[in-house]
Amino acid sequence: MTRIFALIIVLIISLPKLFAQPTLSFDLKKPQKFESRKLASEKTEDRKFHVVRRFTQNGTTKFNYHFNANKKLEDVIARAKAQHKDDYSRLLSFYNYSLEVTAKDKTELDSVIYKANAGILLHDLRNSWVDNMYMLMGEAYYFKNVLDSAYFSFQYINYAFSPKEKDGYDKPIGSNANEGGSAFSISTKENTNLLKKAWTRPPSRNESFIWQLRTFLAKDELPEAAGLIETLKHDPLFPERLKTDLHEMQALWFYKQQIYDSAAIYLELALDNAENREERARWEYLIGQLYERAGKSEDAAKYYEKTVGRTLNPVLEVYARLNAIRQHKGDDKVIQENIQELVRMARKDRYLAYRDIIYYAAAEMELERNNVAGAKILLLRATANPGDDPSVRSKAFLLLGDLSFKEKNYADAKRYYDSITTINPDIADLATLNKLKSALAKIVACQTTMHREDSLQRVAAMPEEEREAYIKKLIKQLRKQQGLKEESSGDVSGGPLSFNDNSGPSDMFGNTTKGDWYFYNASLKGKGFTEFKGQWGNRPNVDNWQRMAAIKQSTVVAANLDEAQGGSTAPAGPLTYEELLKALPLTPEQINISNDSIEKAQFGLGKAYLEGLEDYESTINTLEAFLTRFPNSKHRPEALFLLAYCYTKTGDASKANAAQNELKQKYPGTNFEQIVSNPNGVSPDSTRKLDMTRRYDNIYNLFIEGNFEEAQAQKKVADSMYNKNYWTPQLLYIQSVYYIKQRQDDSAKKSLQEITILFPNSPMAAKARALIDVLSRRKQIEDYLTNLQIERPAEDSTAEPTAIVTPPTVAQQPVVTQQPAVTQPPVVAKTDPVPQQPVAKTDQQPASKDPKPQQPPVTEPATQQPKPAIAKVDKPVTPPVKPAVPQLPPPPVKKDSVKAKVDAPKPLVLTNNAELPHFVAIVLDKVDPVYVNEARNAFTRYNREQYSTRGLTVNNQAVNDEYKLVLIGSFPNANDAIAYIDKTRKLAASEIIPWLPANKYSFAIITDSNLGVLMSTKDVNAFKKFLSQNYPGKF
């Protein structure tokens, strides 16, 4: 027993002595339940770090905090790996997880950070696990994809736990003082003592360098990563245990640079870092892919074969075998042998579930030797043998569609593209594919119409006897293909059971035949099969077969047998001679209708080739044939115009001039002739661009008018069609203002950043950067304003208040405009200064639909100087004192409301007196209040910069739901207000409110009395007419 106690004492004394500096500063937030306590970390300097304390502090930190936090972090990574799915047909990602997926596990990662934080604060800072807790914190930030915080955590470990002098001072990092020799080092020398290794973890500082490299590479800061890699490669103190981690980072650096051969070499050296057998097999497969892309087939085949021998994943094994076979390079004979080996592989039951993958790989080999027909056969086999992964079938259909499209077999291409159910965005852009499918749909529809009508006309042109024999033969063939009985003299029904059949059903279980049970009796089974086939035909074994028969019977194919079953649907009905005969154009009227269909389809086909595919050769061939067949078509002018455009694109100037000359001579005055005659004529491309621009202009106006949901929906559709090609900085800015209103700051920042990236030289870019800065401090600003307390200054009872009084709402009356010669001077109502009523500023109120009288907006007293507001904050803030603005006295206010209701209303008159004080009014037409406030803020900033000494105020006033006013003033007279407008109008569209369309606002001047009239009548057009009459050419 004594020996055991002695051994324990020796082991305790041998515990690590890695001390953090007592004077080390840290800025960690205390856990909430410990905020009022002095924690162990704060007592570091007050207590001795004796053996018992060292043992308890190290033990509790390790097992209560580090162990649990590390386990949570490992679980987060494991869940991310479980969600990861590799596409072995493409270059694998370097890791089998992504930071985007780990970041979704935010709750667990926050818990790791909390535990690391608590583990540091609740324990003595001299214990051995402080650096490890900081490492966990940095790793949690890394997997949370908060890379800046992760970098600062690792960098803190680098500085805080760097080697120290005996007296506690830091040694210079990157000097030869660490080793004591001539070599320079940034690493920490690790203790090689076996006892130390058994009872301590290596210092985390060296590991922090590896994680700094990870962070640099995750942020795509490749130069910084390269510098640190080179430093660590030549560092004599960098530990051997981390060399594989350094090789892994080197491989990742080359992988990101797409230097595949170097990436493969360093990844080979890092294979020991794989956590298990499957991850090692995955990396070996990746090495094979890297060598294959570097053109080293032998090395690639070697690692593919290693993957086959190591992996237990059957899908990875199949792809590894396929790629290993594909590395056997050579002539057509070698490729043929590889394909045959793959086909033999597909026949084995072991690979039954992976036949689609095998056939797809074989098709790719056929394409390597340009055997398109053979590739199509193999791809069709791949689609006919779907496996567990539906994306392989979709890829096969996509490749089939691409091959058919290159051959201009658009019908098959459309059919294959339509068969795609799911597609990886990395393989094909879904928006582009949908656009192509839409174009092919138009082309195939036109081709089908032309083919059908031409076939019908050819059959109709046959002699009657030949036509009758041909139709009967065709019916017989079609009925045979659909498994129906041959046509009889009576009614034929290959569909539902006929209720006129008096023969009755056979007695399946009767005693007419002796022997075994029905399904064991061959004669009864044969009889039943014969009766079923006679009634229902030769049906395939499909679900809902009765409905399928009805659909098939409604399909009539009338086409020439010499053309590949060319045909299409005719009117629904049974397959009889009479029904097919009805579809033939035999009368002159039917022939004209058929020709009209061909004319429309052929012209539409030419336009579809141009607009959908930009296939100039096919457009030329189709439209030339169209003009030859239909020389008097109403579409001839447009066809000539499109031909001229296509000739120009293909460099055939003579034909382009001929088409333009014919257009000018035979079709003068048409839109197409005017475009050709105009030197600045618009091409079809420009016409489409104009349509796109109009679409975005409409979205722009929807935003401005406040139809946010409709605007967002239409923008989403437009963006899917045109991407970012037709965005404008104004559209992005107003969209960001909408997001700010909805408190979607991240979306707002994204829109504003798009402005700075796409339009860096636009005047909107500076506004966007300023708004991004404000958004980043939004919470701080809101908190300040929320806590701001303002004391109202004492009222000056000697001042005589004046106010802009809006008359009560009365019945709508015509506005009577008086000219200056007969203008009556305004009546000035002097208010009794004693007692004085309190004067208050009122914000803009929305236009009310309630018939109650409106409350007059009141301004500050004209003769009273406002005192500075007193804010109760930590630091006194004294806003600048603005000089008072002279205002008009209020018009007389009737105090006897009874009489006011009894008396007949007098007409409201707009008066013109240029010497009275005026306001400048920006009249906003159908602008949402969000942007009205933004316009007010913009003019406030402009006035503060350009008219700081004038003390101009800016307020909003709603006239009605359609019109809003931004009132700026006041100005001593009309000329002064007009001078302000002349200067400001030039800057409004470019600097002040460049995001607001010019047709959405106009400038005006208005007096107090006219403002009252306008607010009562709501007739903005009459007010504008009044300004035009009194100030011609100004408004």
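Pull up segment 253-268, narrow it to residues that are touching a residue at least 24 places away in the same chain (Cβ under 8 Å) and closer than 9 Å to LEU290 by Cβ, then point me to the one that is surrounded by the fewest Cβ atoms within 10 Å (Cβ to Cβ). Residue satisfying both the conditions and the ranking: ASP261.
Filtering segment 96-107 to residues that are surrounded by 17 or more Cβ atoms within 10 Å (Cβ to Cβ) and over 23 Å from the mean Cα position of the chain (by Cα) leaves only ASN96. Among the residues examined, ARG369 qualifies as closer than 18 Å to LEU399 by Cβ, of a type in the set (Lys, Arg) and out of contact with any strand residue (DSSP E or B) (no Cβ under 8 Å at 6 or more places or on another chain).
Check segment 1000-1013 and report whether any residue there is of a type in the set (Lys, Arg), surrounded by fewer than 16 Cβ atoms within 10 Å (Cβ to Cβ) and either closer than 23 Å to ARG936 by Cβ or not assigned by TED's automatic domain parsing to the domain that holds TYR942 (or both). Lay out the reasoning, then the answer.
We begin by selecting, within segment 1000-1013, every residue of a type in the set (Lys, Arg); these are 1000.
Now restrict to residues that are surrounded by fewer than 16 Cβ atoms within 10 Å (Cβ to Cβ): none.
Checked segment 1000-1013: no residue is of a type in the set (Lys, Arg), surrounded by fewer than 16 Cβ atoms within 10 Å (Cβ to Cβ) and either closer than 23 Å to ARG936 by Cβ or not assigned by TED's automatic domain parsing to the domain that holds TYR942 (or both).
If only one of ALA373, ALA396, ALA411, ALA363 is out of contact with any helix residue (DSSP H, G or I) (no Cβ under 7 Å at 6 or more places or on another chain), aliphatic (A, V, I, L, M) and assigned to a helix (DSSP H, G or I), which one is it? Answer to the selection: ALA373. Among the residues making up segment 322-339, those that are part of a helix (DSSP H, G or I), at pLDDT below 85, of a type outside the set (A, V, I, L, M) and closer than 19 Å to TYR360 by Cβ are ARG326, GLN336, GLU337, ASN338.
For (1) within 18 Å of GLY1012 (Cβ to Cβ); (2) at pLDDT below 90, each residue gets a yes or a no:
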residue: ILE922; (1), (2): no, no
residue: ASP928; (1), (2): no, yes
residue: GLU934; (1), (2): no, yes
residue: ASN937; (1), (2): no, yes
residue: ASN943; (1), (2): no, yes
residue: ARG950; (1), (2): no, yes
residue: VAL954; (1), (2): no, no
residue: ASP961; (1), (2): no, yes
residue: LEU965; (1), (2): yes, no
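Within segment 539-550, not a single residue is of a type in the set (S, T, N, Q) and modelled with pLDDT of 85 or more. Contact map, segment 443-471: residues that are outside the structural domain of LYS607 (by TED's automatic domain parsing) paired with residues that are modelled with pLDDT under 90 and outside any loop (DSSP other than H, G, I, E, B), Cβ distance under 6 Å, separation 6+ or inter-chain. Pairs shown: ILE471/TYR577; ILE471/LEU580.
Of all the criteria given as (1) crowded, with 19+ Cβ neighbours inside 10 Å; (2) touching a residue at least 60 places away in the same chain (Cβ under 8 Å), the one not satisfied by LEU399 is (2). Which residue pairs have Cβ atoms closer than 8 Å, lie 6 or more positions apart in sequence or on different chains, and pair a first residue in segment 986-999 that is closer than 18 Å to PHE759 by Cα with a second residue that is not in a helix (DSSP H, G or I)? That search, which allows pairs on different chains as well, returns ILE993/TYR1001; LEU996/VAL927. Of everything listed in (1) touching a Lys or Arg at 6+ places or on another chain (Cβ under 9 Å); (2) surrounded by fewer than 17 Cβ atoms within 10 Å (Cβ to Cβ); (3) modelled with pLDDT under 85, the single unmet condition for ALA989 is (1). Here ALA718 meets the list (1) within 20 Å of the chain's Cα centre (by Cα); (2) of a type in the set (Gly, Ala, Ser); (3) modelled with pLDDT of 75 or more almost entirely, failing just condition (3).
When restricted to residues that are at pLDDT below 85 and small (Gly, Ala, Ser), segment 449-503 contains 9.
Quick check, is GLU292 at pLDDT 90 or above and among the acidic types (Asp, Glu)?
Details: at pLDDT 90 or above: yes; among the acidic types (Asp, Glu): yes.
It is true that GLU292 is at pLDDT 90 or above and among the acidic types (Asp, Glu).
In summary, GLY295 fulfils each of the numbered conditions (1) part of a helix (DSSP H, G or I); (2) more than 33 Å from the chain's Cα centre (by Cα) with the single exception of condition (1).
From the list GLU337, GLU292, GLU279, exactly one residue is surrounded by 21 or more Cβ atoms within 10 Å (Cβ to Cβ) and farther than 20 Å from ALA396 by Cα. Which is it?
Values: GLU337 fails: surrounded by 21 or more Cβ atoms within 10 Å (Cβ to Cβ); GLU279 fails: surrounded by 21 or more Cβ atoms within 10 Å (Cβ to Cβ).
Selected residue: GLU292, the only one of GLU337, GLU292, GLU279 that is surrounded by 21 or more Cβ atoms within 10 Å (Cβ to Cβ) and farther than 20 Å from ALA396 by Cα.
Counting only helices (runs of 4 or more DSSP H) that sit wholly inside segment 923-1035, those with at least 3 residues that are under 46 Å from the mean Cα position of the chain (by Cα) and of a type in the set (Lys, Arg) are 929-946, 974-987.
Residues that are small (Gly, Ala, Ser) and assigned to a strand (DSSP E or B) within segment 911-922 comprise just one, ALA921.
The values are calculated or read from the model by the stated rules, or taken from the named source; none is laboratory data. What you are looking at is a predicted structure, and each value in this text was computed from that prediction instead of being measured. We place every Cβ from the backbone using ideal geometry, glycine too, and count neighbours over all the protein chains shown.
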